[in-house]
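Here is the structure we will look at, set down as structure tokens.
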Amino acid sequence: MTQHLEAILPLETLQASSSGPLYLKLRQSLEEAIHSGKLNHGDALPPERDLADYASISRVTVRKAVDDLVKDGLLVRRHGSGTFVVKPVSRVQQSLSRLTSFTEDMARRGLTTTAQWIERGLFHPSSDEMMVLGLAAGSLVARLGRLRIADDMPLAIERASISAEFLPDPIRIGTSLYAELDRTKSRPVRAVQRISACSLKDPDAAMLGVPSGSASLSIERISYLASGRVVEFTRSLYRGDAYDFVAELTLPDA
């Protein structure tokens, strides 16, 4: 354990004679270890007791340094598991003027996308789904719940509902829902989105690899066919530290 700690936290840095609180020196050393790759995304932080013994400082000092990094989103505490490194993310800008899928957005940026399924299948619709999708009594709805990942970084949780008329076999969906809807000529041509700020709660925060209470963007999208019929009802949570939604504004015609 000592050799591992020496590799990520050189004692000479922690014991330097420069002024400043001990917790701040430890915080800076841990932050440097994360940014330099000595501690990678998903790595478990050594226990606070081990850090305190190694650096000859109190556990209160260690806890304050760790708390700071948790608040900054570089570490996340998982109840019963420990404290883990969260890789700093580069912010993604997404235009609000184009109706594209997550897969298409990431592909334009040269990022590789994957998904972890949370839910996928045909279900009896909820009252909200019946109202928004215009479903008749006895209809079924396809639900697709996914954790969306780009270059191994979880970025969003999407929960989409589509009438079984347009998506009778949700198991067919691979990486992109819109690719399947395009194949069946049911891809939407316009959408209305509502965006609001919210705080993430577990288990959503844990899936996105950020602390509970972290800022996020809640997005509700209702998408339409050219005929005006609703084809998609999606509710998503996007990491607030990773996403910027950008809209171009122009003067109205005189």
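The values are calculated or read from the model by the stated rules, or taken from the named source; none is laboratory data. Everything numeric in this text was worked out from a predicted model, so none of it was measured. A quick note on method: Cβ atoms are made from the backbone with ideal geometry, for glycine too, and the neighbour counts reach across all protein chains shown. Only protein heavy atoms, including side chains, enter the accessible area calculation; ligands, DNA and RNA are left aside. Shrake-Rupley method; radii C 1.70, N 1.55, O 1.52, S 1.80 Å.
For the reader, a short list of remarks on this structure follows.
- Within the range 146-254, GluC sites (Glu not before Pro) in DSSP loop having at most 16 other beta-carbon neighbours inside 10 Å: 165, 248
- Binned Cα-Cα distances of the range 124-254, short to long, each 5 Å bin given as a whole percent: 2, 9, 18, 19, 19, 15, 11, 5, 2, 1, 0
- For the chain, the Cβ-based charge dipole about the Cα centre amounts to some 360 debye (Lys, Arg positive; Asp, Glu negative; other atoms uncharged).
- Extension gain from residue 136 to residue 38, taking 0.36 nm per residue of separation minus the Cα-Cα distance: 29.6 nm
- Helical mean residue ellipticity (222 nm; -39500 (n - 2.57) per DSSP H run of 4+; nearest 500) of the chain: -8000 deg cm²/dmol
- Accessible surface for the chain, divided over its residues, is 54 Å² per residue with a 1.4 Å probe.
- Residue 235/residue 11 FRET efficiency (R0 35 Å; Cβ-Cβ; nearest 0.05): 0.10
- Ligands, DNA and RNA left out, the accessible area of the chain computed with a 1.4 Å probe is 50% carbon and sulfur.
- When 185, 38 are compared by accessible surface with a 1.4 Å probe, the order from highest to lowest is 185, 38.
- Dividing the alpha-carbon radius of gyration of the chain by the rule-of-thumb value 2.2 N^0.38 Å gives 1.26.
- Per-q log10 I(q)/I(0), the range 33-170, q = 0.21 Å⁻¹ (Debye; single scatterer per alpha-carbon; no solvent): -1.22
- Largest mean-square fluctuation among 235, 49, 78, in a Gaussian network model of the chain whose springs join Cα atoms under 10 Å apart, belongs to 49.
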